[in-house]
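Have a look at the structure below before the remarks.
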Amino acid sequence: MQREVTGWYSPALDKYMDVAVYGHYGFALLMIPTADSDFLEYEHHGLIESIRPFIDAGLLKVFCIGSINAESWMNPHMENRDKAQRHQQYNDYIFREVVPFLKEKTSEETPIIAAGAAFGALHAANLFFKHPDLINGIIAMSGRYDLSVYSEGYYDDNVYFNSPVHYLPNLNAEWHLCKYRQSRHIHFLSGSGDYEDPNSSRHISTILSSKGVAHELDIWGPEYHHEWSTWHQMMRVYLETRF
């Protein structure tokens with residue numbers, strides 16, 4: 001398996017951001033870390049090795065970026081207004097810097113699927129719903145898609161427009177809805193075991209159904225807890241059967 005660690009100084013975030021790249025060919029899988037973890041989280045927790053057969057076969061090329069959650073929602077010492085603004089800067093980093101980097105490392109025609117577990121699932125879903133012209137689908141595992149859960153009751157435009165369960169019900173722009181409906185890869189997964197919240201996935205599924213957006217809601221059983229072994233299995237199953 002080819003592996004490269006690179007990065008650049010991000011104008012959007014005003015800091016250096018690392019990127020780990022795995023593989024040589026295939027669609028681009030953009031993986032967003034959980035909570036406040038870094039760009040090597042999925043490698044350190046064994047998920048990259050778990051899906052290595054698909055990477056080696058050229059099905060996909062994986063791009064793991066870092067998070068700035070420790071500088072936003074996971075930082076108890078920041079004002080909520082500043083957290084929300086930092087979240088928006090992270091979106092800008094991905095759309096203006098990471099997406100062009102992925103295209104440079106693959107091709108202009110290569111689809112980009114955003115994926116993540118837990119808080120990474122919220123980020124992945126939000127990126128797709130905001131820019132379905134740049135992000136072509138999602139694999140969202142064990143997520144909660146209400147950003148106000150993390151904002152401690154604080155609410156402004158940056159919270160609203162990054163909280164899918166808030167803005168999607170009011171979204172009637174046919175351009176966005178048409179892009180959603182064209183995607184073959186809108187996957188929401190959750191276990192039903194300890195610390196999982198399958199109702200969050202059911203909630204966003206209900207919203208998408210009301211908009212006529214085809215998607216997959218996949219709730220696994222009570223033996224699947226909010227932990228890495230669950231996400232290993234989910235990723236393997238989906239790469240084998242959906243792509």
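Rule-based calculations on the coordinates, nothing more; no lab input. Nothing here was measured: the structure is a model prediction, and the numbers come from that model. Cβ placement follows ideal geometry from the backbone for every residue including glycine, while neighbour counts extend to all protein chains displayed.
In this label model, His77 and Tyr195 are separated by 2.5 nm, measuring between points 7 Å along each Cα→Cβ vector.
I'd like the trypsin sites (Lys or Arg not before Pro) in the stretch 83-188 restricted to DSSP loop residues with at most 16 other Cβ atoms within 10 Å, sorted by number.
In loop regions of the stretch 83-188 (DSSP not H, G, I, E or B), the sparsely surrounded trypsin sites (Lys or Arg not before Pro) are Arg184.
Rounded to the nearest whole Hz, the Karplus-based 3J(HN,Hα) values (6.51 cos²θ - 1.76 cosθ + 1.60, θ = phi - 60°) of the stretch 191-202 follow the sequence x, 10, x, 4, 6, 8, 9, x, 5, 5, 5, 5, with x at glycine and proline. When both bridge partners sit in the chain, DSSP labels roughly 35% of those beta bridges antiparallel. May I ask you to list the GluC sites (Glu not before Pro) in the stretch 92-132 that are in a DSSP loop and have at most 13 other Cβ atoms within 10 Å of their Cβ? In loop regions of the stretch 92-132 (DSSP not H, G, I, E or B), the sparsely surrounded GluC sites (Glu not before Pro) are Glu108, Glu109. When peptides 150-157, 235-242, 133-140 are ranked by their average number of other Cβ atoms within 10 Å per residue, the highest-first order is 133-140, 235-242, 150-157.
Helix-only mean residue ellipticity at 222 nm, the chain, DSSP H runs n ≥ 4 weighted -39,500 (n - 2.57), per residue, nearest 500. What is it? Let's see the in-between values first.
On the way: 11 runs with 90 residues, N = 243.
Taken over the chain, the calculation gives -10000 deg cm²/dmol.
Here's the list of lysines a cross-link from Lys105 could span, going by alpha-carbon distance under 28 Å and ignoring same-chain residues fewer than 8 apart: Lys15, Lys61, Lys130, Lys179.
Karplus-based coupling profile of the stretch 14-27, in residue order and whole Hz: 6, 6, 6, 10, 8, 9, 9, 10, 10, x, 10, 6, x, 5, with θ = phi - 60° in 6.51 cos²θ - 1.76 cosθ + 1.60 and x standing for Gly or Pro.
Taking K and R as +1 and D and E as -1, what net charge do the other residues with C-beta under 14 Å from the C-beta of Pro111 add up to?
Within the 14 Å Cβ shell, the charges total +3.
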